[in-house]
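Comments concern the structure below.
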Amino acid sequence: MSLSVLFLSLALLPGPSPRLPVPQEEQQIVDERPEVKALLDELDPLLKAKGEKDKEAVEVLDKLVQEFPDSGPKDRSAIVKSFADCFDLKRTKELEEGIPDDRLYRAAAVSLGLMGPESVKPLLALIGDKSHRKNQGLQIALTQALGKTKSPDAVKTLMDLLKHKDAPMQAAGAEALAYYSDAPEAKRKLIFEELLRTMMDQKTKKDTNVTDQEAQERWNIISGPIIETLQKLTGFGQSDPEEWQRWWNDNKKKSWETKAG
């Protein structure tokens, strides 16, 4: 008997069929896991210690981030809420004079960027929130986190930041929009046009009044991040603003399915 016939005969014998591995996306995710509850219970008293246990709290937050991808919807919601609730806590201690101890807030901000789309709503609420808007470093971290979620619901807020009164926040909005380099073409064109308009308007202000120090400083802060994001959105490696304007005039109605070079 040939080997092929033998294998066919064995395959036809009665008995249980061999089990194939279940694709990961089809595996049942267990929700309300005891591991998550234990970490949340551990976190609560650390947060209530008025900043004295923030270092330990940040370590627990890091463990919760690691649990997030394997969590079901209820656990994900609970984890995101625990991070968002960190921003309701008052922290008055300073690392040194004039420098707030905002390590808890910053750790929570960065982590929320890894937990979209569940984290998008709290992040949107925190950008410009009256309790934290004076902390520009934290606002920049929140902006970057919002961009990292790649949520379509975040695009308007990020584009609105391009009109912010503070140049570092404009730059943060521009940097965060780079995360949309794989967005649908229509969305990328919308983002591109707003970035280009912001850049060219500021260039005009800088060029028409060379003694305007504020205009020059704003240009120095925002032009680099804008150009880098334009490059990521299009794949076109140009750095000259005028060339970008010409590129847009030539390509705004063309397909970007294959990014121009």
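Observations
- Debye-sum result for the chain in log10 I(q)/I(0), which assumes one identical scatterer on each alpha carbon, at q = 0.07, 0.08, 0.09, 0.12 Å⁻¹: -0.38, -0.47, -0.56, -0.82
- In Hz, Karplus ³J(HN,Hα) per residue of region 80-90 (6.51, -1.76, 1.60; θ = phi - 60°; x = Gly, Pro): 4, 4, 5, 6, 5, 5, 4, 6, 7, 7, 8
- To the nearest ten degrees, helix 213-234 and the longest principal axis of the Cα atoms of the chain are 30 degrees apart.
- Chain lengthening between residue 205 and residue 125 when straightened (0.36 nm per residue, less Cα-Cα): 25.6 nm
- Most tightly packed first, judged by the mean number of other beta-carbon atoms within 10 Å of their residues, the peptides 175-188, 65-78 read 175-188, 65-78.
- Each Lys and Arg adds +1 at its Cβ and each Asp and Glu adds -1 at its Cβ; summed about the Cα centre, the chain shows a dipole of about 660 debye.
- Span from the region 68-90 Cα centroid across to the region 151-205 one, whole angstrom: 28
- Rounded if a/c under 1.5, otherwise prolate or oblate - region 151-261, Cα gyration tensor axes: oblate
- Convex hull volume per residue for region 41-196, taking Cα atoms only, in Å³: 109
- Helix 103-112 and the long axis of the chain differ in direction by around 60°, with both axes built from C-alpha atoms.
- Rel. contact order, % - alpha carbon contacts under 8 angstrom, at least six apart, the chain: 11
- Dividing the alpha-carbon radius of gyration of region 107-164 by the rule-of-thumb value 2.2 N^0.38 Å gives 0.99.
- Selection from 138, 224, 208, by position along the positive dipole direction of region 104-261 (Cβ): 138
- Helix 54-67 and the longest principal axis of the Cα set of the chain meet at an angle near 50°.
- Using θ = phi - 60° and Karplus 6.51 cos²θ - 1.76 cosθ + 1.60, couplings along region 41-51 (whole Hz; Gly, Pro as x): 5, 5, 5, 3, x, 5, 5, 7, 7, 6, x
- The chain, accessible surface, carbon-and-sulfur percent (1.4 angstrom probe): 53
- Computed extension gain for residue 30 through residue 250, at 0.36 nm per residue and net of the alpha carbon distance, reaches 74.0 nm.
- In this structure, the residue pairs whose Cα-Cα separation is over 19 Å, taken from 121/148; 232/254; 50/90; 53/93; 203/252, are 203/252.
- Inter-label distance, nm, simple model (7 Å from Cα along the C-beta direction), residue 167/residue 228: 1.6
- 97, 59, reordered so the largest accessible area comes first (probe 1.4 Å): 97, 59
- Probe 1.4 Å, accessible area per residue of region 174-261, Å²: 54
- In the context of the full set of protein chains, region 41-140 has a per residue accessible area of 57 Å² (1.4 Å probe).
- When region 65-182 is described by a simple charge dipole with +1 on each Lys and Arg Cβ and -1 on each Asp and Glu Cβ, the residue from 115, 164, 87 located farthest towards its positive end is 164.
- Multiplying the residue separation of residue 187 and residue 85 by 0.36 nm and removing their Cα-Cα distance gives an extension gain of 33.5 nm.
- Computed from point charges on the beta carbon alone (+1 for Lys and Arg, -1 for Asp and Glu), the dipole magnitude for region 104-192 about its Cα centre is near 200 Debye.
The values are calculated or read from the model by the stated rules, or taken from the named source; none is laboratory data. What you see is a predicted model, and the numbers here were worked out from it, not measured in a lab. Here Cβ is always computed from backbone atoms with ideal geometry, including for glycine, and neighbour counts include all displayed protein chains. Each accessible area value is taken on the protein alone, full model and side chains, heavy atoms only, with ligands, DNA and RNA left out. Shrake-Rupley method; radii C 1.70, N 1.55, O 1.52, S 1.80 Å.
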